[in-house]
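Since the structure comes first, as structure tokens, the remarks are kept for the end.
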Amino acid sequence: MTEHDEFATRVVPFSVRRQFIRELDLEPLLAAHARLWVMCNRLEGYADALPGRLPTADADAICCDLRAVVVSHARDETAVIDALFARAVGDPLTAAVMRRVRARHISDAIQADDILAALSGVSTPCAEAFGYMLRNFFDGARQAMDFTQLAILTLGAGRLTQGARDMLVRGLGERNAV
């Protein structure tokens, strides 16, 4: 596809044209992060209440929500990252970051499966082990969300609109406020 630059009277290949990253481009990613953040907070509350057991109805609800959030988060985050950086996959840094994001999705899914097994009674870890599983999941998920947003700030530095940059920086600051 070719686009004509009227002012310079030259042809600019569409694939070379600079694509800016706007707030609208980041909204699906930040929405996915918000859903995962809420799930992490729920799991942290449960971990803090151990060694007590959740009522069966609450455990079933957490299982259903956790499964949905982990699947949708991986799908939504990958779609945004691919849309923003697929053209730059030849760059070693971009390729490494994209591999890291995908690897984290696999790790989150495995950890979520272990939590689901414990919540549904398929496995019965002691309270200390289950608390450790929960904390590994929500701490890792929170770190992965920060990593992804920092990666976008780094890889997309020259392409981010001021509003998109502010959105990412504000989100990082709010989540990491002590």
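Give the residue that is nearest to ARG100 (Cα to Cα), with candidates limited to residues of segment 148-172 that are out of contact with any Phe, Trp or Tyr (no Cβ under 6 Å at 6 or more places or on another chain) and not in a helix (DSSP H, G or I). Step by step, filter segment 148-172, then rank; the result is GLY156. Could you tell me which residue of segment 112-126 is most open to solvent (accessible area, probe 1.4 Å), considering only residues that are part of a loop (DSSP other than H, G, I, E, B) and not aliphatic (A, V, I, L, M)? Per the criteria, the residue is THR124.
So that you can scan it fast, the table gives a plain yes or no per residue for (1) acidic (Asp, Glu); (2) under 26 Å from LEU30 (Cα atoms):
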{"residue": "HIS105", "(1), (2)": "no, yes"}
{"residue": "ASP113", "(1), (2)": "yes, yes"}
{"residue": "THR124", "(1), (2)": "no, no"}
{"residue": "ALA129", "(1), (2)": "no, no"}
{"residue": "ARG135", "(1), (2)": "no, yes"}
{"residue": "ASP139", "(1), (2)": "yes, yes"}
{"residue": "GLN143", "(1), (2)": "no, yes"}
{"residue": "THR148", "(1), (2)": "no, yes"}
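Here segment 127-158 is the region considered, the condition is being touching a strand residue (DSSP E or B) at 6+ places or on another chain (Cβ under 9 Å) and modelled with pLDDT of 95 or more, and the residue that is least open to solvent (accessible area, probe 1.4 Å) is ILE152. Figure legend. Inter-residue proximity from segment 118-129: first residues closer than 16 Å to PRO51 by Cβ and touching a residue at least 40 places away in the same chain (Cβ under 8 Å), second residues of a type in the set (A, V, I, L, M) and open to solvent by less than 40 Å² (accessible area, probe 1.4 Å), beta-carbon distance below 7 Å, spacing 6+ or different chains. Indicated pairs: LEU119/ALA59; LEU119/ILE62; ALA127/LEU50.
Looking across ALA59, ALA88, one residue alone is over 30 Å from ALA127 (Cβ atoms), at pLDDT below 90 and surrounded by 13 or more Cβ atoms within 10 Å (Cβ to Cβ). It is ALA88. When we screen ALA109, ALA57, ALA86 for residues that are under 20 Å from ALA141 (Cβ atoms) and part of a helix (DSSP H, G or I), the only hit is ALA109.
Okay, residues lined up against (1) over 11 Å from the mean Cα position of the chain (by Cα); (2) aromatic (Phe, Trp, Tyr); (3) open to solvent by 60 Å² or more (accessible area, probe 1.4 Å):
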{"residue": "LEU50", "(1), (2), (3)": "yes, no, no"}
{"residue": "PRO55", "(1), (2), (3)": "yes, no, yes"}
{"residue": "GLU77", "(1), (2), (3)": "no, no, no"}
{"residue": "ILE81", "(1), (2), (3)": "no, no, no"}
{"residue": "ALA96", "(1), (2), (3)": "yes, no, no"}
{"residue": "VAL101", "(1), (2), (3)": "no, no, no"}
{"residue": "ARG104", "(1), (2), (3)": "no, no, no"}
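A search for C-beta distances below 9 Å between a residue of segment 48-65 that is touching a residue at least 24 places away in the same chain (Cβ under 8 Å) and any residue that is loosely packed, with under 13 Cβ neighbours inside 10 Å and not in a helix (DSSP H, G or I), counting only pairs 6+ apart in sequence or on different chains, returns PRO51/CYS126; ALA59/GLY121. Looking across segment 89-106, the residues that are in a helix (DSSP H, G or I) and either among the hydrophobic types (A, V, I, L, M, F, W, C) or within 16 Å of LEU153 (Cα to Cα) (or both) come down to LEU93, THR94, ALA95, ALA96, VAL97, MET98, ARG100, VAL101, ALA103, ILE106.
Can you run down the residue pairs with Cβ atoms below 6 Å, 6 or more apart or on separate chains, where the first is in segment 68-85 and farther than 20 Å from LEU155 by Cα and the partner is assigned to a helix (DSSP H, G or I) and open to solvent by 20 Å² or more (accessible area, probe 1.4 Å)? Listed pairs, sorted by first residue: VAL69/ARG35; VAL70/ALA109. Could you go through segment 1-15 and let me know if any residue there is open to solvent by 70 Å² or more (accessible area, probe 1.4 Å) and modelled with pLDDT of 90 or more. Within segment 1-15 (the criterion being open to solvent by 70 Å² or more (accessible area, probe 1.4 Å) and modelled with pLDDT of 90 or more), the answer is no, since none of the residues qualifies.
The values are calculated or read from the model by the stated rules, or taken from the named source; none is laboratory data. In this text, all values refer to a predicted model and were calculated from it rather than measured experimentally. So basically every Cβ, Gly included, is an ideal-geometry build from the backbone, and we count neighbours across all protein chains shown. The area values use the complete protein model at the heavy-atom level, side chains included, leaving out ligands, DNA and RNA. Shrake-Rupley method; radii C 1.70, N 1.55, O 1.52, S 1.80 Å.
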